[in-house]
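*Asks:* Just passing along the structure, written as structure tokens.
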Amino acid sequence: MSVRRLAEDSVQPQSFAFTGENVAWAQATIKKYPEGRQQSAVIPLLMRAQEQDGWVTKAAIEAIADMLDMAYIRVLEVATFYTQFQLKPIGTRAHIQVCGTTPCMLRGSEDLIKLCKKRIHPEPLTPNESGTLSWEEVECQGACVNAPMVMIFKDAYEDLTVPQLEYIIDRFDAGKGSDVKPGPQIDRVFSAPVGAAVTLTETPLPQRNQVTEPAPAEAPADAAPVPPSNAGRAKTAAEETNPAVKTPATAKAASAANAKVEGDNKDTGIVAATPAEKAVTKPSLDDKNRPAGIERPATVDDLKLISGVGPKIEGTLHDLGIFTFAQVAGWQKAEREWVDGYLNFKGRIERDDWVKQAEALAKGGEAEYIRVFGKKPR
């Protein structure tokens with residue numbers, strides 16, 4: 001490991017202070033640890049300082065040491081040990097960490113490094129002339145099957161080629177890094193194989209239940225082999241069109257109450273779908289328990305700040321006339337149950353406590369949310 005030292009005094013700021021929002025977050029984080037163990041918060045506090053200022057300054061190290069009642073040298077030891085902490089100014093718009101470990105090297109990371117040297121700066125950890133970009137080579141980042149890859153702040157960009165990385169660098173340098181979707185940059189789902197599956201493509205044979213099914217009697221040595229009872233049996237039309245229909249192999253695992261065989265299906269072992277497998281019916285929009293909606297106001301709250309609400313769910317809530325945190329905070333139990341059923345959430349609104357989240361956001365925005373929950377919303 002290379003020697004890691006603090007930046008020169010000429011670039012060090014004279015002081016450091018968390019913003020009001022980050023002070024609330026830091027205090028809530030420290031409270032997570034038992035009395036006498038508050039120093040365990042040193043790593044998350046250093047990370048928050050880096051996210052606030054872009055790098056870890058000497059002043060930040062000393063301020064965090066004072067907050068945690070630690071000797072300066074102890075916090076300095078942590079900051080200089082972990083390479084996730086940047087000890088000198090880096091690119092303000094993108095710091096590109098290129099994985100150079102063997103899998104990425106074999107798939108072209110050396111060419112990515114050459115591009116960074118040409119496009120950004122010949123030396124690592126040195127910003128370009130405008131101060132917007134910097135780069136460094138790092139060790140394995142845990143996505144070897146998607147090699148080669150880079151990290152830009154907290155996001156990974158995988159399955160890269162030189163032209164793709166150059167495009168990503170250009171977008172970040174133009175302040176439009178959000179245009180680039182993190183993850184694989186080819187037609188791949190996360191780390192799934194590229195193209196169709198080539199292994200485990202056979203349909204497994206049904207397994208005999210060792211508890212309830214007797215072992216088959218031994219056949220005479222000269223007897224012809226007998227195939228399993230369902231060997232070569234073609235699927236019925238009902239099985240092809242109705243995924244809820246059980247086959248003999250799966251029916252044995254169902255409970256007696258849900259494994260009732262009806263009519264002509266008795267001989268084939270096909271059973272009807274259980275109540276849990278039937279389609280869920282949405283509650284009526286005219287139901288009295290539907291929360292009252294409003295006309296879309298000029299300014300709407302960002303409902304996606306509520307944990308459990310994504311863009312699609314936010315759109316559905318807007319369709320129902322729900323635009324503000326205050327509306328969600330005022331939902332009574334019957335109204336929450338109606339929305340939960342309409343979204344087919346199966347109790348998720350109660351588990352995620354949407355009402356408490358919305359109350360905090362309506363009262364004081366992200367700062368109040370951090371004070372209540374000890375973390376940023378989403």
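Every number in this text was worked out from the coordinates using simple rules, so none of it is lab data. On a predicted model such as this, the values are computed, not experimentally measured, just so you know. Glycine also receives a Cβ, built like all others from the backbone with ideal geometry; neighbour counts cover every protein chain displayed.
*Asks:* Take the Cα pairs of the range 57-171, get the Kirkwood Rh, then feed it into Stokes-Einstein at 25 °C and 0.890 mPa s and tell me D in µm²/s.
*Replies:* Translational diffusion coefficient: 162 µm²/s.
*Asks:* Gain in length, Lys375 to Ala59, computed as 0.36 nm per residue apart minus the alpha-carbon separation, to one decimal in nm?
*Replies:* 111.4 nm
*Asks:* Total Lys pairs in the range 94-184 closer than 22 Å by alpha-carbon, pairs eight or more apart in sequence or interchain only?
*Replies:* 5
*Asks:* Measuring from label point to label point, each 7 Å out along Cα→Cβ, what is the Ala197 to Cys140 span in nm?
*Replies:* Calculated label separation equals 2.6 nm.
*Asks:* Moving on. Using modelled amide H (1.01 Å from N, peptide plane; none on Pro or chain starts), what sits under 5 Å from the amide H of Trp135, excluding residues fewer than 5 places away?
*Replies:* Close amide H contacts, sequence-distant or interchain: Ile96, Leu125, Thr126.
*Asks:* Using modelled amide H (1.01 Å from N, peptide plane; none on Pro or chain starts), what sits under 5 Å from the amide H of Ser307, excluding residues fewer than 5 places away?
*Replies:* Amide H to amide H, under 5 Å and 5 or more residues apart or across chains, Ser307 pairs with Arg378.
*Asks:* Still on this structure: Would you mind checking the radius of gyration and Dmax of the range 9-81 based on alpha-carbon positions, in Å?
*Replies:* Values for the range 9-81 (Cα only, Rg and Dmax): 11.7, 39 Å.
*Asks:* Between Arg119 and Arg188, how high is the FRET efficiency from 1/(1 + (r/R0)^6) when r is the Cβ-Cβ distance and R₀ = 22 Å? Nearest 0.05.
*Replies:* Calculated value: 0.30.
*Asks:* A follow-up question, please. Any chance you could run the full-extension gain for Ser307 through Arg4? It's 0.36 nm times the residue separation minus the Cα-Cα distance, nm to one decimal.
*Replies:* This chain segment gains 105.2 nm when fully extended.
*Asks:* If each of Asp170 and Ser130 carries a label point 7 Å out from its Cα toward its Cβ, how far apart are those two points in nm?
*Replies:* 1.3 nm
*Asks:* Taking θ as phi - 60°, what are the ³J(HN,Hα) couplings along the range 176-190 by the Karplus curve (6.51, -1.76, 1.60), each to the nearest whole Hz, with x for Gly and Pro?
*Replies:* Using θ = phi - 60°, the values come out as 10, x, 5, 5, 9, 7, x, x, x, 9, 10, 7, 9, 9, 6 Hz.
*Asks:* Hey, another quick one. At 0.36 nm per residue, minus the direct Cα-Cα distance, what do Thr299 and Thr19 gain on full extension? Give it in nm, one decimal, please.
*Replies:* Full-extension gain reported as 98.2 nm.
*Asks:* Between Val162 and Asp179, how many nm apart are label points set 7 Å from Cα along the C-beta direction?
*Replies:* Going by the 7 Å Cα→Cβ label model, 2.3 nm.
*Asks:* Sort Trp55, Trp354, Trp135 so the one with the fewest other Cβ atoms within 10 Å of its own Cβ comes first.
*Replies:* Ascending Cβ contact count within 10 Å gives the list Trp55, Trp354, Trp135.
*Asks:* Roughly how many whole Å is it from the C-alpha centroid of the range 24-73 to that of the range 115-136?
*Replies:* Rounded to whole Å, the Cα centres lie 29 Å apart.
*Asks:* Given H placed 1.01 Å from N in the peptide plane, which residues other than close sequence neighbours of Ala156 have an amide H under 5 Å from its amide H?
*Replies:* Amide H neighbours of Ala156: Gly183.
*Asks:* Here's something else I'd like to know. Going by average Cβ density within 10 Å per residue, which order do the peptides 29-35, 115-121, 87-93 take, highest to lowest?
*Replies:* 87-93, 115-121, 29-35
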